[in-house]
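This report refers to the structure that appears directly beneath it.
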Amino acid sequence: MLSLIIPCFNEEKNLNKLLEKLNSIIHTYPQDKIEIIIVENGSTDDSFKILTSSNLYLQKKINIVKIEKNIGYGDGIMQGIKLSKGDLIAWCHADLQTDPQDVIKIFKLSEKKLNEEDCIAKGRRINRNFIDIFFTTGMSILTLIMFNLRLNDINAQPKIFNKKFIKFLSNAPKDFSFDIFLLLKAKKNNFKIYEYPVVWHKRFAGEAKGGGSLKLKIKLTIRTISFMINLRKNFKWN
């Protein structure tokens, strides 16, 4: 089984579209092969109301985890992981920049590897603009310099891994540094990282929570660099 975790924070304008896409997945993929967990991550809008009034929820075809106070993106994912039942775990955001169907495509392409090898499967975003590529490449260069590890497109979605990898996430950060933490852990523990191209869509609606605008990209980059410096000083690799 694949457990697809979708953290959601103030995404009321995207949720009906997201639920349509999830409905399509549920009706074309056996339910004993996939579970969908939406983490309602302390939203202050009508996200929880929309989710709990949806037919998918009322028919028990999706699970909803309610977090009263938003601690961070990484915490939301970990709360979903704790309740997951699948042998393989994946996540993508509720903002639809990654189409949930792409998660299923990558899952099908990588399922055998994920079951037989120590590896992570992830997306590699295509059709992005120069500024996005600039920041992404910069983070990859910094990671190489600071950790002597090569990582590509660190924040790309989805990410899919075997549940046995959870043991490496016990001290994971609770914010947007979660992605780089997971990939560094994978590299340091000799997990292969397989990448698959995914189309990166513009936000369907609402505002970005991470690195949408130039200001947010700079803010996220500074925060991530600070995390990387502390990680290099204090991180226990095993």
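Being modelled with pLDDT of 95 or more and either in contact with a helix residue (DSSP H, G or I) (Cβ under 9 Å, 6 or more places away or on another chain) or within 23 Å of ILE229 (Cβ to Cβ) (or both) is the filter here; which residues of region 187-196 pass it?
Hits for region 187-196 are PHE191, LYS192, ILE193, TYR194, TYR196.
Consider region 14-25. How many of its residues are open to solvent by 70 Å² or more (accessible area, probe 1.4 Å) and either at pLDDT below 95 or within 19 Å of GLY80 (Cβ to Cβ) (or both)?
0
Kindly indicate whether LYS174 is at pLDDT 90 or above, open to solvent by 20 Å² or more (accessible area, probe 1.4 Å) and in a loop (DSSP other than H, G, I, E, B).
Criteria met by LYS174.
Counting only residues that are open to solvent by less than 10 Å² (accessible area, probe 1.4 Å) and not aliphatic (A, V, I, L, M), give me the helices (runs of 4 or more DSSP H) lying completely in region 26-123 with at least 3 of them.
It comes to 73-83, 100-116.
Anything in region 134-152 that is open to solvent by less than 80 Å² (accessible area, probe 1.4 Å) and part of a helix (DSSP H, G or I)? List them, or say none. First the steps, then the outcome.
In the first step, residues of region 134-152 are kept if they are open to solvent by less than 80 Å² (accessible area, probe 1.4 Å); the result is 135-140, 142-144, 146-147, 149, 151-152.
PHE135, THR136, THR137, GLY138, MET139, SER140, LEU142, THR143, LEU144, MET146, PHE147 - these are the residues of region 134-152 that are open to solvent by less than 80 Å² (accessible area, probe 1.4 Å) and part of a helix (DSSP H, G or I).
The values are calculated or read from the model by the stated rules, or taken from the named source; none is laboratory data. This one's a predicted model, so the numbers in the text were calculated from it and none came from an experiment. Positions of Cβ are backbone-derived with ideal geometry, glycine not excepted, and every protein chain shown enters the neighbour counts. All accessible areas refer to the heavy atoms of the entire protein, side chains included, with ligands and DNA or RNA removed. Shrake-Rupley method; radii C 1.70, N 1.55, O 1.52, S 1.80 Å.
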